[in-house]
Amino acid sequence: MATVEEKAGSGGRRVSEEVLKGFFREMLLIRRFEEKVEERFRAGELPGFLHVAIGQEAAATGVCAALERDDVIASTHRAHAHAIAKGTPVERIMAELYGKVEGCSRGYGGSMHLYDVAVGNLGANAVVAGGIPGIVGAALAFQMRGEPRVAVAFFGDGATNTGTFHESLNLAQLWKVPAVFSLENNGWAESTPARQQLPLPVDELAKRALAYGMKTIEADGQDVEAVYLAALAAREHAVAGKGPVLVHLRTHRLTGHYVGDPQVYRDKDELRRERETKDPIELLRARLELSESELETIDAAATAEVTAAVEFAKAGTDPPPEDALKYVYA
Amino acid sequence: MPEVTYREAVRDALTHALRTDERVFLMGEDIGEMGGSMGVTQGLLDEFGPKRIRNTPISEMAIVGTGIGSAMQGMRPVVEIMYEDFLTLSMEQLVNQAAKHRTMSGGQVSVPLTIRTQGGAGWSPGAQHAQQLEAWFVHVPGLKVVFASTPADVRGLLWASIQDENPVLFFEHRTLYPIKGEVPDELEPIPLGRARIHREGEDVTVVATGRLVHEALEAAEAAEQEGISVEVVDPRTLQPLDEETILESVRKTTRCVTAHEAVTRGGFGAELAAVVQHGAFDWLDAPIERVGAKFGPLPFAPALEQWVVPHAADVLDAVRRTVARA
Ligand SMILES: Cc1ncc(C[n+]2csc(CCOP(=O)(O)OP(=O)(O)O)c2C)c(N)n1
Ligand SMILES: [Mg+2]
């Protein structure tokens, strides 16, 4: 079966500097948000446990920027960046992490279950690959109703080892639904490195989609422009009725799997090198040649927004315990 | 007798099994370098190497299925499913394969597979990381189900489970890993199907599992202050079930409370209540009270989560209700 592979940007498309600056602002906002929640978690203010997307900001930002407001996404345990990029105000995400009624899931979901249906976030899933089939279903609904919308599943390399992933891709391709599978391949599933979980070379993971005859697009997950163009091309393909697309984004998890992970399994020098050379925000900053003062202005705005989000969250309302069963049935 | 944590006790049983039986090996997600997400398998990779401590991809169905196949071929696999919530992904292999091969083959094969998993609330992970699903598996003939509540029990029962010829679902409770308790010097298997009486009493029998054993013991202390004498029994294995010990206890006390963290509706307490009403009908002085979680997915916010799951106070209330009846 013939399949198409193309490099992002091969259409000669480019993104204006203004747009790139917008991406930069969002990526920095995500970074500052993640750093803040790490800090607040360590201070004992946030219940449960957290996975942050430090190092993966370009993937979330680039993909969501290519979507229309009524396109939908499903996210993973590493959910904050996707939620921010899809348009949920950070204060509502922060309030969720504090378990407040003002949270985007009203305090019922938590870090791994961020929902915001109004902006097309159909929810984040704590079960690896758990959200992928639902995205096929959302895309099926769009197809059946003839709506020019796409549904996007975010997931990691580890998720591609589940049966859920394979069954979903197979069905999506069979029915040619307008779905985009956004694979954030950071080469790790918790402590398990690519070589212990993938029989393929880590950079060739998109081959899994080729088995279903699905179109794949490769992009450097640390390059937000490449991610954006890849997602844009994928969206166009899907929405034109040509079938689903797997977008393979090679990315880097520049922190532990969860906040507090001592990463005993990880080579510290390699991690340091990755931090120095693969930070998507640093890469974009260098490319945009932002002046110190410009950078400071953007950073100050991001930091202020995140700080205000913490204040908003802390001032939020605790759900009354006896409301615990309020949403069990419709 | 040495004092160890529940976590160390599990590790101790695994180590012992790996040292003494070369057919034993472990499979699971992140059980290698990281030592498991609960730290249970820490150090095992160093001692036994990657052939016997096998880190797996995120493939719960394949992990259990591979365990089944290798068990049928004479190995003694112990697989770890990181959270019992993820047993749902391996359900087909557990329910239709592991549980049924022996019967379907007319006794030609057996599946000596141990599936370790853990769960439990009390740390606000949300709805998909803290369920208590043990009752589901009691409904599947061909499986054995263990739920240990103390270091000594978890060690002896795990060793017995690994030696068992059948597939055993072995439940650990997340909040119990740090608790300490004495264990015998020598590791002896604790036979499956024997309840443990934790505390003798005259007025009410509380049959509790997992974390609720500890809550029941706390409730029993409080009840004592009110002049109510409570006996606490932990079945330890839900299948096979030591009906005799439970019935004897209830015939003595004439009242019964069941207690587990899983939701009450359709929970193991329902089975216990059926067993008790049938086997001790003429002795009962009060309706059997059931303590369990309220009927909803676990919400995230700590106050909501705590409101849903049962505590010692709920056990105490149930005890009082049974006494108030007579
Ligand atoms: C079905 C299932 N199995 C295991 C887990 C535990 N777990 C949570 S995240 C994770 C690793 C996921 O790796 P990947 O999909 O690559 O995402 P990443 O964490 O790298 O973003 C694992 C094993 C889970 N949540 N769900
Ligand atoms: Mg990964």
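The values are calculated or read from the model by the stated rules, or taken from the named source; none is laboratory data. Remember, predicted model here, so these are calculated numbers, not experimental data. Because the Cβ atoms are built from the backbone with ideal geometry, glycine has one as well, and the counts that use them run over all protein chains shown. All accessible areas refer to the heavy atoms of the entire protein, side chains included, with ligands and DNA or RNA removed. Shrake-Rupley method; radii C 1.70, N 1.55, O 1.52, S 1.80 Å.
Give the residues of the stretch A:295-315 that are of a type in the set (A, V, I, L, M, F, W, C) and in a helix (DSSP H, G or I), sorted by residue number.
Once the filter is applied, which keeps residues that are of a type in the set (A, V, I, L, M, F, W, C) and in a helix (DSSP H, G or I), the stretch A:295-315 yields A:Leu295, A:Ile298, A:Ala300, A:Ala301, A:Ala302, A:Ala304, A:Val306, A:Ala308, A:Ala309, A:Val310, A:Phe312, A:Ala313.
Report yes if some residue within the stretch A:275-291 is in a loop (DSSP other than H, G, I, E, B), under 25 Å from A:Thr88 (Cβ atoms) and away from chain B (no Cβ under 14 Å); otherwise report no. Within the stretch A:275-291, one or more residues are in a loop (DSSP other than H, G, I, E, B), under 25 Å from A:Thr88 (Cβ atoms) and away from chain B (no Cβ under 14 Å). Check the stretch B:95-114 and report whether any residue there is within 25 Å of A:Phe49 (Cβ to Cβ) and touching a residue at least 40 places away in the same chain (Cβ under 8 Å). Within the stretch B:95-114 (the criterion being within 25 Å of A:Phe49 (Cβ to Cβ) and touching a residue at least 40 places away in the same chain (Cβ under 8 Å)), the answer is no, since none of the residues qualifies.
Okay, residues lined up against (1) away from chain B (no Cβ under 14 Å); (2) at pLDDT 95 or above; (3) surrounded by 14 or more Cβ atoms within 10 Å (Cβ to Cβ):
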{"residue": "A:Arg253", "(1), (2), (3)": "yes, yes, yes"}
{"residue": "A:His257", "(1), (2), (3)": "no, yes, yes"}
{"residue": "A:Thr297", "(1), (2), (3)": "yes, yes, no"}
{"residue": "A:Phe312", "(1), (2), (3)": "yes, yes, yes"}
{"residue": "A:Thr317", "(1), (2), (3)": "no, yes, no"}
{"residue": "A:Pro321", "(1), (2), (3)": "no, yes, yes"}
{"residue": "A:Leu325", "(1), (2), (3)": "no, yes, yes"}
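If you check A:Phe181, A:Phe165 for being open to solvent by less than 10 Å² (accessible area, probe 1.4 Å), assigned to a strand (DSSP E or B) and touching a residue at least 12 places away in the same chain (Cβ under 8 Å), only one passes: A:Phe181. Contact annotation: residue pairs with Cβ atoms under 8 Å, 6 or more positions apart or on different chains, pairing a residue in the stretch A:257-276 that is under 14 Å from A:Ser191 (Cβ atoms) with a partner that is open to solvent by less than 80 Å² (accessible area, probe 1.4 Å) and of a type in the set (A, V, I, L, M), are A:Tyr258/A:Leu50; A:Gln263/A:Leu271; A:Val264/B:Met34; A:Tyr265/B:Met34; A:Leu271/A:Leu254. I'd like to know if the stretch B:277-293 contains one or more residues that are in contact with a Phe, Trp or Tyr (Cβ under 6 Å, 6 or more places away or on another chain), more than 30 Å from A:Leu325 (Cβ to Cβ) and more than 14 Å from every other protein chain (Cβ to nearest Cβ). Within the stretch B:277-293 (the criterion being in contact with a Phe, Trp or Tyr (Cβ under 6 Å, 6 or more places away or on another chain), more than 30 Å from A:Leu325 (Cβ to Cβ) and more than 14 Å from every other protein chain (Cβ to nearest Cβ)), the answer is no, since none of the residues qualifies.
The residue of the stretch A:34-53 that is nearest to ligand 1 (Cβ to nearest atom), among those that are open to solvent by 20 Å² or more (accessible area, probe 1.4 Å) and more than 14 Å from chain B (Cβ to nearest Cβ), is A:Glu38.
Going residue by residue through the stretch A:130-138, is there one that turns out to be within 16 Å of ligand 1 (Cβ to nearest atom), over 20 Å from A:Ile93 (Cα atoms) and not in a helix (DSSP H, G or I)?
yes
Annotation note: of B:Thr237, B:Thr205, B:Thr258, B:Thr254, the sole residue that is in contact with a Leu (Cβ under 8 Å, 6 or more places away or on another chain), more than 30 Å from B:Val109 (Cα to Cα), crowded, with 24+ Cβ neighbours inside 10 Å and polar (S, T, N, Q) is B:Thr258.
For the stretch A:166-183, the criterion of being within 12 Å of chain B (Cβ to nearest Cβ) and more than 9 Å from ligand 1 (Cβ to nearest atom) is met by at least one residue.
Considering the stretch B:68-86 alone, what residues qualify as being assigned to a helix (DSSP H, G or I) and either within 16 Å of ligand 2 (Cβ to nearest atom) or more than 11 Å from chain A (Cβ to nearest Cβ) (or both)?
Scanning the stretch B:68-86 gives B:Ile68, B:Gly69, B:Ser70, B:Ala71, B:Met72, B:Glu84.
Do we have any residue at all in the stretch B:144-165 that's open to solvent by less than 10 Å² (accessible area, probe 1.4 Å), in contact with a strand residue (DSSP E or B) (Cβ under 6 Å, 6 or more places away or on another chain) and among the polar types (S, T, N, Q)? Yes, the stretch B:144-165 has at least one match.
Return the total of residues in the stretch B:76-125 being within 16 Å of ligand 1 (Cβ to nearest atom), of a type in the set (A, V, I, L, M) and under 18 Å from B:Ile53 (Cα atoms). Number satisfying all stated conditions: 4. In the set (1) among the hydrophobic types (A, V, I, L, M, F, W, C); (2) surrounded by fewer than 20 Cβ atoms within 10 Å (Cβ to Cβ); (3) more than 11 Å from chain A (Cβ to nearest Cβ); (4) not in a loop (DSSP other than H, G, I, E, B), B:Leu14 fails one condition alone, (2).
Going by the structure shown, is A:Gly146 open to solvent by 10 Å² or more (accessible area, probe 1.4 Å) and under 27 Å from B:Ser90 (Cβ atoms)?
On the way: open to solvent by 10 Å² or more (accessible area, probe 1.4 Å): yes; under 27 Å from B:Ser90 (Cβ atoms): no.
Spelling it out, it is not the case that A:Gly146 is open to solvent by 10 Å² or more (accessible area, probe 1.4 Å) and under 27 Å from B:Ser90 (Cβ atoms).
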